[in-house]
Amino acid sequence: SGNKTWRARSLNYLGLVVYHQGDMHAATAILQEAHGLAQEIGSGRELVETLYGLGRVALREGGVERAVRLLSESLILARDQGMRLFVAERLEACGAAAIALGQASHAARLFGAAETVREAIGAPLPPVERADYERDLAAARSQLDEAAFATAWAAGQTLTLEQAIANALEGADAATATARVSSSAH
């Protein structure tokens, strides 16, 4: 039809399907094309979604600093556009990045906050996201004892939406600074 918004959205969804199938190279190419279209047309929703997809791919490939940057940008845009479901997804993704950085308590807090958002809007975790989410939860639990995990989770559940977003972004800032210091030392 020539509609660039729908083309960007379709490419984004295709990129996420390919991501879930495990082909990170193809997912990156598709998501980058979708992101380019989203930038060209200035579509906020498509930017939110393509940044998220690219962040998830970067995280899966071990590019934690890049993932944190992309996911944080997506989170900010989702917040600014009032997209609470997308905020919940980004909080979960930021939790996954925190796991990769060895910040299990921070991750558990973000997972607890995301669950509260999902419950408030009546949007349970979709089945396609379940495997990644369960893997991330298991990783957080393995890095903490059960009491520490429960305490962090409960703390996340008490955060307001704005507090949860601020918490995710503060963690992202700290992670990026740590990654820069670590890479400059090598």
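The values are calculated or read from the model by the stated rules, or taken from the named source; none is laboratory data. Just so it is clear, the structure is predicted and the values come from calculations on it, not from any experiment. No Cβ is skipped: glycine too gets one built from the backbone with ideal geometry, and neighbour counts run over all protein chains shown. To get the accessible areas, we keep the full protein, side chains included, count just its heavy atoms, and leave off ligands, DNA and RNA. Shrake-Rupley method; radii C 1.70, N 1.55, O 1.52, S 1.80 Å.
Here the accessible area of the range 120-167 is 62 percent carbon and sulfur, with a 1.4 angstrom probe and all protein chains present.
Note on the range 64-105: with neighbouring protein chains present and a 1.4 Å probe, carbon and sulfur make up 50 percent of its accessible heavy-atom surface.
Would the chain count as rounded, prolate or oblate if I go by the C-alpha gyration tensor, calling it rounded below 1.5 in a/c and otherwise prolate when a/b exceeds b/c, oblate otherwise? Prolate, since a/c reaches 1.5 and a/b exceeds b/c. What does the C-alpha gyration tensor say about the overall shape of the range 37-105? Classify as rounded when a/c is under 1.5, otherwise prolate if a/b is larger than b/c, or oblate. Oblate.
Positive-end ranking of 101, 122, 78 along the dipole of the chain, with charges on Cβ about the Cα centre, is headed by 78.
Under a Gaussian network description of the chain, with springs only between Cα atoms under 10 Å, the residue in 76, 165, 121 that fluctuates furthest is 121. For the chain, modelled as a GNM whose springs connect Cα atoms under 10 angstrom apart, the maximal fluctuation among 96, 107, 139 occurs at 139.
Across the range 147-161, rounded Karplus estimates of 3J(HN,Hα) from the backbone phi angles (6.51 cos²θ - 1.76 cosθ + 1.60, θ = phi - 60°) give 5, 5, 4, 4, 5, 5, 4, 4, 4, x, 5, 8, 6, 6, 4 Hz, Gly and Pro being marked x.
Over the chain, Cα pairs under 8 Å with separation of 6+ residues give a relative contact order of 18 percent. How much mean residue ellipticity at 222 nm does the chain get from its helices, if each DSSP H run of length 4 or more adds -39500 (n - 2.57) and you divide by all residues, to the nearest 500 deg cm²/dmol? For the chain, the value works out to -28500 deg cm²/dmol. Across 122, 55, 36, mean-square fluctuation computed from a Gaussian network of the chain (C-alpha pairs under 10 Å connected) peaks at 122. Rounded to the nearest whole Hz, the Karplus-based 3J(HN,Hα) values (6.51 cos²θ - 1.76 cosθ + 1.60, θ = phi - 60°) of the range 59-75 follow the sequence 5, 4, 8, x, x, 5, 4, 5, 4, 4, 4, 5, 5, 5, 4, 5, 4, with x at glycine and proline.
Using a probe of 1.4 Å on the protein chains alone, the accessible area found for residue 6 is around 140 Å². The residues of the range 63-105 expose, per residue, 36 Å² of accessible area to a 1.4 Å probe.
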